[in-house]
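S.K.: Structure incoming, see below.
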Amino acid sequence: MRGLARLALKGVALVGVLWTAGPAEAHPHVWIDADATVVLGPAGQITALDVTWTFDELYSEDTVIAVEGRTSADLRPLVTEAVHNLVPWLYFTDLRADGIRQTFGPVEAYDAHWRDGRLIYAFTLPLTRPVDPIAETVELRLYDPTYYIDIAVPEDRAVTLRPSDAACSVTRSPAPEQPNFMVLSDAYQSVVVEPGEDGIGYAYAEIWRVTCP
């Protein structure tokens, strides 16, 4: 199996899709509207991230087709599998302090629910060490390294702070590059992205900067 086909099947497993991946030429295959909250501890350090993914309607319907109901209890096995599969991929969440990518501890708080025909995953990522946004340059990106999944924060959403701190702010910067799908189609035939790598998706990810005086 060529590089992208293997990569695509990995993407399917990561989010608990219940169907087999089709041809690999068209990417991305899944679209997620995301938002995130940067959680500040009592000392003003970043201790966790609350992340919410709202999947596109087609993915949502196909994913829950084998699920008997659409209550949070019915959907919980899906998000449980996804959280487990996303561990080596750092949950498609890239938080860097002074350019060094941070890691997350075990995810214990997560949930899934159904709203307006769309599947929603919500999970909390505890940092393995607190990050000081005053002393360190903090950048957050939400992306799938394989670009099998397009993860974006819509214009009507944002990355926020909790608790809200007037002394700190979060600003959005556009992705360094916009995808050229003709070029990407050729690249996908040979590129294999491994867990932990920046991968193809890094260049197409918006940058959220947490700034404190």
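The values are calculated or read from the model by the stated rules, or taken from the named source; none is laboratory data. Being a predicted model, the structure only gives us computed values, none of them experimental. Note that we place each Cβ from the backbone using ideal geometry, even for glycine, and neighbour counts take in every protein chain shown. These area figures cover heavy atoms from the full protein model, side chains too; ligands, DNA and RNA do not enter into them. Shrake-Rupley method; radii C 1.70, N 1.55, O 1.52, S 1.80 Å.
S.K.: Whenever you get a sec, compute what percent of the accessible area on region 65-213 sits on carbon and sulfur atoms (1.4 Å probe).
M.R.: Working: 4060 of 7460 Å².
Carbon and sulfur: 54 percent of the exposed surface of region 65-213.
S.K.: Moving to a separate point now. Might you tell me the accessible area per residue for region 32-165, computed with a 1.4 Å probe and given in Å²? Numbers along the way, then the final one.
M.R.: Numbers: 5820 Å² over 134 residues.
For region 32-165, the solvent-accessible area averages 43 Å² per residue.
S.K.: Could I ask something else about it? Relative to 2.2 N^0.38 Å, what does the C-alpha radius of gyration of region 90-154 come to as a ratio? Two decimals please.
M.R.: On the way: Rg = 13.9 Å, N = 65, 2.2 N^0.38 = 10.7 Å.
After normalising by residue count via 2.2 N^0.38 Å, the value is 1.30.
S.K.: Then there is this: Specify which residue in the list A135, G117, Y148 is farthest towards the positive end of the charge dipole of region 55-157, using unit charges on the beta carbon of Lys, Arg (+1) and Asp, Glu (-1), about the Cα centre.
M.R.: The one lying farthest along the dipole's positive direction is A135.
S.K.: Can you check how the C-alpha radius of gyration of region 84-213 compares to 2.2 N^0.38 Å, as a plain ratio? Don't skip to the end; give the middle numbers.
M.R.: Working: Rg = 15.9 Å, N = 130, 2.2 N^0.38 = 14.0 Å.
Region 84-213 yields a ratio of 1.14.
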